[in-house]
Amino acid sequence: MDYSKTVNLPKTDFPMKADLPKREPEMLAAWEKAKIYEEALKRRQNQKGKKQFILHDGPPYANGHLHLGHALNKILKDMIVRYKTMAGYYAPYVPGWDCHGLPIELALMKEQKIDKSQIDRKKFRADAAAYASKFVEIQKQEFKRMGVLGDWDHPYLTMAEPYKKTIVDVFETLKKDGYIFKGKKPVYWCFTDETALAEAEVEYENDKGPSIFVAFRSAQDDTLSYVIWTTTPWTLPANQAIAFNPQERYAIYKNKADHKKYLVAEKLAENFQKVTGMELDYVVGVEGSALAGSRAHHPWANRQVPLLAAGFVAMDTGTGLVHIAPGHGREDYVLGSQNKLPVMSPVDSRGRLEDPGMPWNAIHVFKANKMIMEFLQEKGALLYRGELEHSYPHCWRCHEPVIFRATEQWFLNVEHQELRQRLMKAIGEVQWIPEYGRNRISGMVESRPDWCLSRQRFWGTEIPDPTQPKDPDIFDVWFESGVSWAAVLKQRPELAYPADMYLEGSDQHRGWFQVSLIPSVALEKKAPYKAVLTHGFVMDGEGRPMSKSLGNVIAPDQIIKQYGADVLRLWVAASDYGGDVRLSPDILKSQAEAYRKVRNTLRYLLNNLTDFDSTKDAVPYDKLPEIDRWALHRLQEEVRDALAAYEEYKFYRVTSRLVSFCISDLSGFYLDVIKDRLYCDPAASHSRRSAQTVLSQIVTRLIRLLAPILSFTADECWRFMGHADAVSLSDLPSVDETQMDAKLVEDWKVLLSLRDTVLASIEKARAAGKVKAARETKAIIRVHKPEIAESFQKHGQELPMALGVSQIEWVNDSTVEFAAVDIEMAAGAKCARCWIYKTDIGVQKEWPDICGRCADAVKGMTLCEA
């Protein structure tokens, strides 16, 4: 007889092959048609006692296809919004784009093969708007393909007229309140792009440059020179003073070779002598404070410069005397302002010196370094020239070195009305995730200079300035995105200010988080966010940044085409985003394998419930076998821990626990144990309905817990269960405390420990050739006391399945500490229906090759059919 027709085999309607690259776009189309995002908002908006959660989107640049950093960022945001929505919050998500700025401008100039001097301002701005609009649409579709839900039909764009009006309004209000001023101050200047840069647009790289000692002859004593040290000879034409530390001690030394006298800090005299090769004799010590009022001759210019006290003069290198050029340094400018020094900056926008009559006139500053050093040599003022590798600021876009250059710019004064102190207070009132973000942004705000708001470019919001009616500066794009709280949160009725959360990469502590904080605290006296979550950067498998030159770039689109968006989302969720996260082909394969195992578990659960109706067939909790109650307890533990991890935004913990639950607790144990009664007991029997009751509760909870992460797969499973609405419109499961039984779980820990011992013994027996498969074995369990066997025997006929064998024999053995296991072939024969070895095969002669239990089941089926 073909007994396969008598068992309750799982139905196979739910596909084993995910085929996500093909199936996901179909699901996206269905979501859009059903307006899932809008329906979720309506559902929460109409609830009594509505809870609200606003995650404000930081705008990416609309200037290219998306990379993995974008995917990490947007999927994290989507998981949070989905979680909050399913947790009962009204959580609208409005995506936005930064549409202005140099990246777009440069890309367009390259595309049109024009430079700055050829630009027709009006036409170029129209072309730039079209260029940005094109990539807004491209990126929008790429984000949607990742399963990110949001108000994609109404995003915010920094180039939109209402947004631009807010930019100007905020600027004018800040100006009216005294925060804004126009002045000539040194700022970071990119001579490649010919524009001022903000702090956030500068990165540091190691560069080799000159290191020189220069003698400034004393105006009071022609035989004495003050020795300065500098790494920027090109700034010497703008020198206006020499700084000394009034708290340090200096000394005059005489060179034995030419009897010239030099003044340097005593702490640095030994190194000065070593570097220059001079033999010096100590003449006399001088207190630093005594240098006040002294003056020196500029090495070649016809002017004298004062010696000024400055606490920033360090004693770790150099000579203890610092050359001061207020037009080319931040500390230099402050000291110059305090002492009413001229602000000279004889450098044009392309980085060329403007010094008529000198050899370096019209020469780029870095090329001029050599010429200036040679000139100093001829004058007898160069005491040493060498080379030094040091950290030097570079433009983050063109990666070329930048300079400090004083030009007329608009600034936001961070000291006005004690703004810096108020910013520090606001930072302390925000939740930072991870916590290190608080110290990171605090340190940056504590030391940041005034904010340079103006840029000398074309593509951006123009600064209203009556002194520049024909060629106006534009706003720093950071100012544009930094006022999004005013342009978006305070303007869109579905949103709220301050936002519950800002979420971006860790580089935004010096970028968007900071530039949003400054105007918000200045005008509204509070931060624009209640919490800030940051993530690291995406690296390759070896921890290296992804770059085309290394050939290690993996595009999100490439992953989605090969594996589907849910595997990409699973990688994001599994990553501990607090630091940098890694991705490689091998890591992707492991995530795809984890996805496959979870999907197979869900498929098994679903396919064993096709004949189960929870409204009619569910078994009450107190009527369930003990192993089923154990499974429900484990389920409630997973629900509790997953919800707690979601609330802390620790998605990697949600993922690791749920994947482990599927693989270890379910597939590796419980589903294997109940498989016999699911397949072989009568379809409507209490034992089978008990198992199905548990499977139903597990799958309905598991799908919803996975929905914020595996959005496509969870929805596919939810629909398979017969739900008309998407899973994202449902609620997250809650913990059912009535299904938690601590004592039962403690008892089962002992049984599971014994199971591990049994399985290990089976493996040894298999390796020794004694048995081939676990189902053909009998476990002879030797226990220390008879009551140990009695405590296990209460599990009845399911105990052999729980231990992974066909039969069990208990033996008392006082020599063992608790229990020991021997494995041998099971008695009897293999049942042709349940495949378990039994001693009652053929007890019912009508079915000579199956056990008594199976014969009763088959007999019952035959009677029903009759």
Going by the structure shown, is VAL532 touching a residue at least 24 places away in the same chain (Cβ under 8 Å), buried (at least 22 other Cβ atoms within 10 Å of the Cβ) and either in contact with a strand residue (DSSP E or B) (Cβ under 7 Å, 6 or more places away or on another chain) or outside any helix (DSSP H, G or I) (or both)?
yes
Looking at segment 281-298, I want the residues that are closer than 26 Å to ALA257 by Cα and have a partner that is of a type in the set (Asp, Glu) and surrounded by 11 or more Cβ atoms within 10 Å (Cβ to Cβ) with Cβ atoms under 6 Å, at least 6 apart or on another chain. Which pairs are those?
none
Please verify whether SER728 is within 17 Å of VAL654 (Cβ to Cβ) and either at pLDDT 95 or above or out of contact with any Gly (no Cβ under 7 Å at 6 or more places or on another chain) (or both), treating the condition exactly as stated.
yes
Which numbered condition trips up ARG719, out of (1) surrounded by 14 or more Cβ atoms within 10 Å (Cβ to Cβ); (2) of a type in the set (Lys, Arg); (3) assigned to a loop (DSSP other than H, G, I, E, B)?
(3)
Look through ILE850, ILE841, ILE836 and report the one residue that is within 21 Å of LEU678 (Cα to Cα) and without any contact (Cβ under 8 Å) to a residue 24 or more places away in the chain.
ILE841
Residue check, LEU382 open to solvent by 40 Å² or more (accessible area, probe 1.4 Å), over 30 Å from the mean Cα position of the chain (by Cα) and either of a type in the set (A, V, I, L, M, F, W, C) or on the phi > 0 side of the Ramachandran plot (or both):
no
Reported set for segment 607-634 where residues are in contact (Cβ under 8 Å) with a residue 12 or more places away in the chain, under 24 Å from LYS11 (Cβ atoms), among the charged types (D, E, K, R) and not in a loop (DSSP other than H, G, I, E, B) is ASP617, ASP628
Condition first: in a loop (DSSP other than H, G, I, E, B), open to solvent by 20 Å² or more (accessible area, probe 1.4 Å) and not charged (D, E, K, R). Now tell me which residues in segment 137-181 satisfy that.
LEU149, HIS154, PRO155, MET159, ALA160, GLY178
Matching residues, segment 2-22, being among the aliphatic types (A, V, I, L, M), assigned to a loop (DSSP other than H, G, I, E, B) and open to solvent by less than 40 Å² (accessible area, probe 1.4 Å)
VAL7, ALA18
Considering only residues that are assigned to a loop (DSSP other than H, G, I, E, B) and farther than 29 Å from VAL805 by Cβ, which ones fall in segment 660-715?
ALA707, PRO708, ILE709, LEU710
Out of everything in segment 649-673 that is surrounded by fewer than 18 Cβ atoms within 10 Å (Cβ to Cβ) and in contact (Cβ under 8 Å) with a residue 60 or more places away in the chain, what residue ends up being farthest from the chain's Cα centre (by Cα)?
ASP672
Does ALA219 satisfy being closer than 28 Å to GLY277 by Cα and either surrounded by 20 or more Cβ atoms within 10 Å (Cβ to Cβ) or small (Gly, Ala, Ser) (or both)?
yes
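Results for (1) aliphatic (A, V, I, L, M); (2) in contact with a Gly (Cβ under 7 Å, 6 or more places away or on another chain); (3) not in a loop (DSSP other than H, G, I, E, B), shown as yes or no for each residue.
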| residue | (1), (2), (3) |
| --- | --- |
| GLU504 | no, yes, yes |
| VAL521 | yes, no, yes |
| GLY543 | no, no, no |
| LYS548 | no, no, no |
| ILE554 | yes, no, no |
| ILE587 | yes, yes, yes |
Right, CYS680: under 28 Å from the mean Cα position of the chain (by Cα) and either modelled with pLDDT of 95 or more or over 18 Å from LEU570 (Cβ atoms) (or both) or not?
no
So LYS526, is it open to solvent by 30 Å² or more (accessible area, probe 1.4 Å), of a type outside the set (S, T, N, Q) and touching a Pro at 6+ places or on another chain (Cβ under 7 Å)
yes
Test of understanding: among ASP641, ASP681, ASP622, which residue is surrounded by fewer than 16 Cβ atoms within 10 Å (Cβ to Cβ) and either in contact with a strand residue (DSSP E or B) (Cβ under 6 Å, 6 or more places away or on another chain) or farther than 25 Å from ARG719 by Cα (or both)?
ASP622
Give me the pairs, please: first residue somewhere in segment 784-801 and more than 16 Å from VAL821 (Cβ to Cβ) and without any contact (Cβ under 8 Å) to a residue 24 or more places away in the chain, second residue anywhere and buried (at least 16 other Cβ atoms within 10 Å of the Cβ) and among the small types (Gly, Ala, Ser), beta-carbon distance under 7 Å, and either six or more positions apart or on two chains.
none
Being open to solvent by less than 10 Å² (accessible area, probe 1.4 Å) and in a loop (DSSP other than H, G, I, E, B) is the filter here; which residues of segment 460-484 pass it?
GLY460, THR461, ILE463, ASP476, VAL483
Within segment 765-777, can one find any residue that is buried (at least 22 other Cβ atoms within 10 Å of the Cβ) and without any contact (Cβ under 8 Å) to a residue 40 or more places away in the chain?
no
Which of the residues that make up segment 349-369 are within 43 Å of the chain's Cα centre (by Cα) and exposed (fewer than 15 other Cβ atoms within 10 Å of the Cβ)?
ARG350, LYS367
LYS134 - would you say it is touching a Ser or Thr at 6+ places or on another chain (Cβ under 9 Å), part of a helix (DSSP H, G or I), open to solvent by 30 Å² or more (accessible area, probe 1.4 Å) and at negative phi?
no
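A quick yes/no check of all residues on (1) at pLDDT below 95; (2) of a type in the set (A, V, I, L, M, F, W, C):
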site	(1), (2)
ILE372	no, yes
HIS390	yes, no
TRP396	yes, yes
GLU400	yes, no
HIS416	no, no
GLU429	no, no
ILE441	no, yes
Sole exception among (1) more than 23 Å from HIS394 (Cβ to Cβ); (2) surrounded by fewer than 22 Cβ atoms within 10 Å (Cβ to Cβ); (3) touching a helix residue (DSSP H, G or I) at 6+ places or on another chain (Cβ under 9 Å) for GLN240, by number:
(2)
Within segment 191-201, can you find the residues that are of a type outside the set (S, T, N, Q) and part of a strand (DSSP E or B)?
ALA196, LEU197
Kindly provide the set of residues from segment 55-96 that are over 19 Å from the mean Cα position of the chain (by Cα), among the aliphatic types (A, V, I, L, M) and farther than 25 Å from ALA487 by Cα, ordered by number.
MET86, ALA87
Could you grab me the full set of residues in segment 797-815 that are of a type in the set (Val, Ile, Thr) and either closer than 21 Å to ALA832 by Cα or open to solvent by less than 20 Å² (accessible area, probe 1.4 Å) (or both)?
VAL805, ILE808
Would you confirm whether any residue within segment 689-709 is polar (S, T, N, Q), crowded, with 21+ Cβ neighbours inside 10 Å and farther than 23 Å from LYS623 by Cβ?
no
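The values are calculated or read from the model by the stated rules, or taken from the named source; none is laboratory data. What you see is a predicted model; the values in this text were computed from it and never measured. Glycine also receives a Cβ, built like all others from the backbone with ideal geometry; neighbour counts cover every protein chain displayed. Accessible surface is based on the protein model in full, side chains and every heavy atom, while ligands, DNA and RNA are left aside. Shrake-Rupley method; radii C 1.70, N 1.55, O 1.52, S 1.80 Å.
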